[in-house]
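One structure is given here, and the rest of the page talks about it.
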Amino acid sequence: MWWTVASLFFLAVVLAIIFLVCQKALALPFRATNDYLHKEGAPLSLDFLIPGGVYIDEKKTIGEVVRLRFAGPRDRLESSIRKISKIIPLEYRLLGTTVFYLFWVLLFLVFFRLFTWARYTTALGMALFFGAVVYLFMPDMLVGRIDDAVFLILSLAFCGTVLRQRRRKRATVHREG
């Protein structure tokens, strides 16, 4: 038991250190850091982060440049999806979103049942989770992350419920036997 607690504590400390190091690195000034890497002849510089046609002044941080680099094409896609989704009524968008998620769940359920011979509850739990993960990265009719979070939370809640019931069942079998 204490190994588990120690392992989780160590994992939390390592993740916190990684998070703080990344925050510190993203807060560095972009141009000074990139110039230093060029001066030292580093094998990797920050040039690939510079978006085309954008001037990077002395005050911009690495985090701001990263946001500039990866925000461009997504904005166009989101704006076009928003324009299209305004035409469709909310009920149909919700129905389409749910059907799209359940389509991915069905595909994963068939895969897990056919190729892993998992139990139905195990296959359904994994299918719900992996369907939510795939749905998270696919464009959908509802703009935003609320529906993605709902599907992920529901799938994790289902998996947690199934695991809790199995533990209770095993505990009662071990007590009786």
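Laboratory data are not the source of any read-out in this text; all were calculated from the coordinates shown. Computed from a predicted model, the values in this text were never measured in an experiment. Quick reminder, even Gly has a Cβ in these numbers, built from the backbone with ideal geometry, and neighbours come from all protein chains shown.
For residue 122, what is the net charge nearby, where nearby means another residue's Cβ is under 11 Å from its Cβ and Lys, Arg count +1, Asp, Glu -1? Mind dumping the intermediate values first?
On the way: positive: 113, 119, 166; negative: none.
Its environment carries a net charge of +3.
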With no solvent and one equal point scatterer placed on each C-alpha of the stretch 28-74, evaluate the Debye formula and give log10 I(q)/I(0) for q = 0.23, 0.33 Å⁻¹, two decimals.
-> -0.80, -1.28
For the stretch 89-177 the mean separation of alpha carbon contacts under 8 Å (6+ apart) over residue count, i.e. relative contact order in percent, is 28
For the chain: relative contact order, % (alpha-carbon pairs under 8 angstrom, 6 or more apart) = 15
Whole-Å distance linking the alpha carbon centroid of the stretch 89-137 with that of the stretch 1-42 is 35
Could you name the lysines in cross-link range of residue 59, using Cα to Cα under 29 Å and dropping any fewer than eight places away on the same chain?
-> 24, 39
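Give, in nm to one decimal, the length gained when the segment between residue 39 and residue 2 is fully stretched (0.36 nm per residue of separation minus the Cα-Cα distance). Please list the in-between numbers first.
Values: separation 37, 0.36 × 37 = 13.32 nm, distance 4.93 nm.
Result: 8.4 nm gained on full extension.
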Principal axis dimensions, largest first and in whole angstrom, of the stretch 89-177 by Cα = 57, 26, 20
With at most 11 other Cβ atoms within 10 Å, longest stretch of the chain clear of loop chymotrypsin sites (Phe, Trp or Tyr not before Pro) (DSSP) = 56-116
The stretch 82-141: trypsin sites (Lys or Arg not before Pro) in DSSP loop, at most 13 other beta carbons within 10 Å | 119
Which value, in Å to one decimal place, does the Kirkwood hydrodynamic radius take for the chain when every pair of different Cα atoms is included?
-> 21.0
Please work out the FRET efficiency for the pair residue 60 and residue 12, using the Cβ-Cβ distance as r and a Förster radius of 25 Å; give the result to the nearest 0.05.
-> 0.20
Extending each Cα 7 Å along its Cβ direction at residue 116 and residue 133, get the distance between those two points in nm, one decimal.
-> 1.0
